[in-house]
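Chemist: Take a look at this one; I'll ask things after.
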Amino acid sequence: MARPDKAAAVAELKDLFSESTAAVLTEYRGLSVADLKKLRRSLGENASYAIAKNTLAKIAATQAGIEGLDSQLTGPTAIAFVKGDVAATAKGLREFAKGNPHLVIKGGVMDGRVLDAETVKKLADLESREVLLAKLAGALQGNLSQAVGLFAAPLSQAARLLGALEDQKKAA
């Protein structure tokens, strides 16, 4: 029978996997407690960073409906559970890893799909959600402005034609 403390840890990890939009697995071997505290602060409010036992994390991920993390759950593992912008958290981890080479990104999971380390690093290269939405809005606004100009062109041409005819009648 499972010990109550391990069952509680599995239940907590399962809840974190279920409630998160993504999870990034890292290896933290060689980081001090102060470094981990600094890392947690750098991730901000939309992510939590927890050290987990691999066996318990495997069980919790399976219970949460996530398959395929077994190959990434080797060695000392800490998981960043993301509840907001995945790109921002991936950037935070990448920036921290630049200054602390002991932090290694192993991979992760997003929307039920397992991601390798390279994919997580590509996520870090994405701009924030707000910037991407602003670019989309700008592109849509530009297209709408062009459409308005195209629809208004025949009316303005007709108005100029009528004005020219009026001027011609006045002159005659």
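Chemist: Restricting to the stretch 13-43, count the residues that are out of contact with any strand residue (DSSP E or B) (no Cβ under 7 Å at 6 or more places or on another chain) and of a type outside the set (A, V, I, L, M). Don't jump to the end; show me each part of the working.
Modeler: Step one: list which residues in the stretch 13-43 are out of contact with any strand residue (DSSP E or B) (no Cβ under 7 Å at 6 or more places or on another chain), which gives 14-15, 18-19, 29-38, 41-42.
Filter again for of a type outside the set (A, V, I, L, M), leaving 14-15, 18-19, 29-30, 32, 35, 37-38, 41-42.
Residues meeting the conditions: 12.
Chemist: I've got another one for you. Looking only at the stretch 46-59, how many residues end up being touching a strand residue (DSSP E or B) at 6+ places or on another chain (Cβ under 8 Å) and surrounded by 18 or more Cβ atoms within 10 Å (Cβ to Cβ)?
Modeler: Going through the stretch 46-59 one residue at a time, the tally reaches 4.
Chemist: If we scan the stretch 65-84, do we find a residue that is of a type outside the set (Gly, Ala, Ser), farther than 26 Å from GLU118 by Cβ and surrounded by fewer than 17 Cβ atoms within 10 Å (Cβ to Cβ)?
Modeler: So the first thing to find is which residues in the stretch 65-84 are of a type outside the set (Gly, Ala, Ser), and the list is 66-67, 69-70, 72-74, 76-77, 79, 81-83.
Those left that are additionally farther than 26 Å from GLU118 by Cβ: none.
No.
Chemist: Follow-up question, since we're still on this one. Return the residues of the stretch 96-119 that are surrounded by fewer than 18 Cβ atoms within 10 Å (Cβ to Cβ), touching a residue at least 60 places away in the same chain (Cβ under 8 Å) and under 13 Å from GLN72 (Cα atoms); say none if nothing qualifies.
Modeler: VAL104, the sole residue that qualifies.
Chemist: Here are some conditions: (1) under 14 Å from the mean Cα position of the chain (by Cα); (2) at pLDDT below 85; (3) in a helix (DSSP H, G or I). ALA134 meets all but one. Which one does it not meet?
Modeler: That leaves (1) as the condition not met.
Chemist: Since GLU127 meets every condition but one in (1) assigned to a helix (DSSP H, G or I); (2) farther than 30 Å from THR62 by Cβ; (3) touching a residue at least 12 places away in the same chain (Cβ under 8 Å), which condition does it not meet?
Modeler: In the conditions (1) assigned to a helix (DSSP H, G or I); (2) farther than 30 Å from THR62 by Cβ; (3) touching a residue at least 12 places away in the same chain (Cβ under 8 Å), GLU127 misses (1) alone.
Chemist: Count, please, the residues in the stretch 68-103 that happen to be outside any loop (DSSP other than H, G, I, E, B) and of a type outside the set (A, V, I, L, M). Walk me through how you get there before you give the answer.
Modeler: Let us first name the residues in the stretch 68-103 that are outside any loop (DSSP other than H, G, I, E, B), namely 77-82, 86-99.
Of the ones still in play, those that are also of a type outside the set (A, V, I, L, M) are 77, 81, 89, 91-92, 94-96, 98-99.
Qualifying residue count for the region: 10.
The values are calculated or read from the model by the stated rules, or taken from the named source; none is laboratory data. Treat the numbers as computed from the prediction; the structure is a model and nothing was measured. No Cβ is skipped: glycine too gets one built from the backbone with ideal geometry, and neighbour counts run over all protein chains shown.
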